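Below: the structure, in structure tokens.
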There are 2 protein chains.
Amino acid sequence: MKFATLKDQTLDGRLLIVCRDLTRCVDASSIAPSLLHAVQHWAEVEEPLRQLYDKLNSGVTAGQPFNPFLCTAPLPRSPQWCDGSAFLNHANLMEQAFKTPPIPDLERIPLMYQGASDDFLGPYDDVPLPSEADGIDFEGEFGVILDHVAMGSTPQQALNQVRLLVQLNDWSLRAMGPREMRSGFGFLQAKPSTSFAPIAVTPDELGDAWRDGRVHLELHVEWNGAHFGHPHGGQMSFGFGDLIAHAARTRRLSAGTIIGTGTVSNTSREVGSACIAERRVIEMIDYGDARTGFMRFGDRVRMQARLPGTDDGPFGVIEQQVVQA
Amino acid sequence: MKFATLKDQTLDGRLLIVCRDLTRCVDASSIAPSLLHAVQHWAEVEEPLRQLYDKLNSGVTAGQPFNPFLCTAPLPRSPQWCDGSAFLNHANLMEQAFKTPPIPDLERIPLMYQGASDDFLGPYDDVPLPSEADGIDFEGEFGVILDHVAMGSTPQQALNQVRLLVQLNDWSLRAMGPREMRSGFGFLQAKPSTSFAPIAVTPDELGDAWRDGRVHLELHVEWNGAHFGHPHGGQMSFGFGDLIAHAARTRRLSAGTIIGTGTVSNTSREVGSACIAERRVIEMIDYGDARTGFMRFGDRVRMQARLPGTDDGPFGVIEQQVVQA
């Protein structure tokens, strides 16, 4: 199934089911008022939602044209948002960029920070930030939306609780990052509101591209209309099962919790990057100094996971402009 | 005003108004179904809630006996939970306990981590944790519950958005702390669900004990019935205005956001501590080794902020037992 969330006057928005090719949609709020409510009551609503999805795809239900510009994030707020750093290539490069001390047990224990989850941005929302001097950067990622996860779940038990897959941009302010890392308390000012592509999909929609707890798709990133990178999600050093189990080690996770991959990052230089900081550290390695600046107000970034050999993807597109708050 | 939240079948619980001496209460859910809803609609509900509070205190409304054992946390879930480390005496001692590198700008920029806010515990709930080997510890703190705070608010603007004061226990697993600090990503496994005293109060209830953005009360802590410490909240190195403004530097804060002080900690040795880790590091300094162990399953901790010269306090009592998950 494919879902989106229509902006309305509520904090959680209104649930839409979107057809497989993203051209049409139908209001599903008579089954569940919002996607958060659906995830919190999955056992009861899954079957009626699937029936409506089938009717929409077969044409029995006509629906209406799907307009992603009217959408907010699939979950405009969620109970919890924990973001990993599951691509060790990214972690290794950032260690060089930030000049921070070597991270202990990097290969064995997933890195993960707790992020704010009360105020997510939609795929075409402007991104208001206070200052260009903060080092405005994007981070292209994948994520999962979970059902309840018990404390102490194994990676396989954890993976069984994945209900939806999403694509996101974990906006980052690089000027704050090194100090917040050295404080040991982790990211806070360095991580403003996160943005999401309009469509959340059940794992079956990805077919073979969802396997081993990984999204095996390229994430295509453009900055101001120019290609920036298209790293592949399959190269996660830890799968989602490991990431979720890490988050649930000493706590239970409420239904609606979102877990992210961290910046998609491949060792191959040819595919480029999904964040500016990585390009800058590669420039430092190659030329001795970073040549690419961070984002300016008015800059735009576009992200889209693509099915092999197509310009299309299951999550739709994030395309946003950074503006002065 | 004084509020509590009755456990029921909903995620947010049911709103109670509690009389000034905490003996009686009245269901206020016809004005606002939950305390979270009240904070999210404060301008509309403040006056009717105050009228009901006045009637309860004057005896015009009889109400019913208040039973804190039926209560959950004032907010059993909240949009956001950010915990500072505003008592630098605690930060300095923990640096010695954890043997972590010196924290940059410690005197100038508040330390703050983002915590999970989807699953808070009530004042008499058992505390299920996976293992005694994780170094189970309590941290006695104060906190504020906020109305909306705009991005970039000044400390004074931020302080104007404080709606309620609370008392809490930020449960901590010390075995995870040093590694998570060294990772730079901050606390995650080290911070399981946080617990709250039953009563949330409007700042006016504290009279002169709420000033300079600080709660000027002693926090009395007992471990298995023995006095453990009674440090004073007035010695915060940063006030709540500074803490909130720090959290809102690059984001807006939703109504219902909770900001904590971090462990209440005084330089005077005579008042004891509000967490075990502090006592242990003082033992290391004095005797060369830590003599006090962390908590065992079955152990109990009791916390109560007290009005000067009394055994009573505005927030009621947290008294919990640690149990195996």
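The values are calculated or read from the model by the stated rules, or taken from the named source; none is laboratory data. As the structure is a computational prediction, the values presented were derived from the model and not from experiment. Reconstructed Cβ throughout: ideal geometry from the backbone, glycine too, with neighbour counts over all protein chains shown. What goes into the accessible areas is simple: the full protein's heavy atoms, side chains included, and nothing from ligands, DNA or RNA. Shrake-Rupley method; radii C 1.70, N 1.55, O 1.52, S 1.80 Å.
Worth pointing out:
- Number of the exception - B:Ser193 against (1) within 14 Å of another protein chain (Cβ to nearest Cβ); (2) touching a helix residue (DSSP H, G or I) at 6+ places or on another chain (Cβ under 6 Å); (3) closer than 30 Å to A:Leu173 by Cβ: (2)
- Test: residue in the stretch B:155-175 that is in contact with a strand residue (DSSP E or B) (Cβ under 8 Å, 6 or more places away or on another chain), assigned to a loop (DSSP other than H, G, I, E, B) and more than 14 Å from chain A (Cβ to nearest Cβ): yes
- The residue that is least open to solvent (accessible area, probe 1.4 Å), counting only those in the stretch B:187-234 that are small (Gly, Ala, Ser), assigned to a strand (DSSP E or B) and closer than 23 Å to B:Gly309 by Cβ, is B:Gly229.
- When B:Asp54 is tested against (1) surrounded by fewer than 17 Cβ atoms within 10 Å (Cβ to Cβ); (2) assigned to a loop (DSSP other than H, G, I, E, B), only condition (2) is not met.
- All positions within the stretch B:18-27 that are touching a residue at least 60 places away in the same chain (Cβ under 8 Å) and open to solvent by less than 10 Å² (accessible area, probe 1.4 Å): B:Val18
- The lone criterion from (1) away from chain A (no Cβ under 14 Å); (2) crowded, with 22+ Cβ neighbours inside 10 Å left unmet by B:Cys82 is number (1).
- Just one of (1) under 25 Å from A:Asn224 (Cα atoms); (2) open to solvent by 20 Å² or more (accessible area, probe 1.4 Å) fails for A:Pro104. It is (1).
- Any hit, the stretch A:123-145, residues being part of a strand (DSSP E or B), open to solvent by 30 Å² or more (accessible area, probe 1.4 Å) and within 11 Å of chain B (Cβ to nearest Cβ): yes
Yes or no, residue by residue, for (1) away from chain B (no Cβ under 13 Å); (2) farther than 30 Å from A:Val201 by Cα; (3) in contact with a Cys (Cβ under 8 Å, 6 or more places away or on another chain):
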residue: A:Pro76; (1), (2), (3): no, no, no
residue: A:Ala86; (1), (2), (3): no, no, no
residue: A:Leu93; (1), (2), (3): yes, yes, no
residue: A:Ala97; (1), (2), (3): no, yes, no
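- When the residues of the stretch A:235-250 are filtered to those that are open to solvent by less than 10 Å² (accessible area, probe 1.4 Å) and facing chain B (nearest Cβ under 8 Å), the one that is nearest to A:Leu111 (Cα to Cα) is A:Ala247.
- Residue check for B:Leu15: of a type in the set (A, V, I, L, M), in a helix (DSSP H, G or I), without any contact (Cβ under 8 Å) to a residue 40 or more places away in the chain and surrounded by 14 or more Cβ atoms within 10 Å (Cβ to Cβ): no
Residues checked against (1) outside the structural domain of A:Ala116 (by TED's automatic domain parsing); (2) touching a Cys at 6+ places or on another chain (Cβ under 9 Å); (3) over 16 Å from A:Leu93 (Cβ atoms); (4) open to solvent by less than 60 Å² (accessible area, probe 1.4 Å):
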| site | (1), (2), (3), (4) |
| --- | --- |
| A:Ile258 | no, yes, yes, yes |
| A:Thr261 | no, no, no, yes |
| A:Asn266 | no, no, no, yes |
| A:Arg269 | no, no, no, no |
| A:Ile285 | no, no, no, no |
| A:Ala290 | no, no, no, yes |
| A:Arg296 | no, no, yes, no |
| A:Val301 | no, no, yes, yes |
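- Checking every residue in the stretch B:256-265 against the condition of being without any contact (Cβ under 8 Å) to a residue 24 or more places away in the chain and either of a type outside the set (Ser, Thr, Tyr) or not in a strand (DSSP E or B) (or both) gives zero matches.
- Hits in the stretch B:196-243 (condition: under 23 Å from B:Leu49 (Cβ atoms), of a type in the set (A, V, I, L, M, F, W, C) and touching a helix residue (DSSP H, G or I) at 6+ places or on another chain (Cβ under 7 Å)): B:Ala200, B:Trp210, B:Val215, B:Phe240
- Applying a threshold of 7 Å to beta carbon distances and a minimum spacing of six or more residues, or different chains, the list of pairs starting in the stretch A:100-111 at a residue that is within 7 Å of another protein chain (Cβ to nearest Cβ) and ending at one that is of a type in the set (S, T, N, Q) and part of a loop (DSSP other than H, G, I, E, B) reads A:Leu111/A:Ser85.
- Scope the stretch B:57-74; condition out of contact with any helix residue (DSSP H, G or I) (no Cβ under 6 Å at 6 or more places or on another chain) and part of a loop (DSSP other than H, G, I, E, B); matching residues: B:Gly59, B:Val60, B:Ala62, B:Phe66, B:Asn67, B:Ala73
- A:Pro76 open to solvent by less than 60 Å² (accessible area, probe 1.4 Å), at pLDDT below 95 and either closer than 24 Å to A:Asp242 by Cβ or within 18 Å of the chain's Cα centre (by Cα) (or both): no
- Only one entry in B:Leu52, B:Leu56, B:Leu93, B:Leu70 is among the aliphatic types (A, V, I, L, M) and closer than 29 Å to B:Gly241 by Cβ, namely B:Leu93.
- Residue within the stretch A:125-137 that is at positive phi, in contact with a helix residue (DSSP H, G or I) (Cβ under 7 Å, 6 or more places away or on another chain) and not hydroxyl-bearing (Ser, Thr, Tyr) present: no
- Residues (of a type in the set (A, V, I, L, M, F, W, C) and either within 23 Å of B:Phe87 (Cβ to Cβ) or not assigned by TED's automatic domain parsing to the domain that holds B:Leu253 (or both)) located in the stretch B:128-158: B:Ile136, B:Phe138, B:Phe142, B:Val144, B:Ile145, B:Leu146, B:Val149, B:Ala158
- Among (1) small (Gly, Ala, Ser); (2) touching a residue at least 24 places away in the same chain (Cβ under 8 Å); (3) assigned to a helix (DSSP H, G or I); (4) surrounded by fewer than 17 Cβ atoms within 10 Å (Cβ to Cβ), the one test that B:Ala91 misses: (4)
- Residue count for the stretch B:1-11 under the criterion of being open to solvent by less than 30 Å² (accessible area, probe 1.4 Å) and under 20 Å from B:Ile318 (Cβ atoms): the result is 4.
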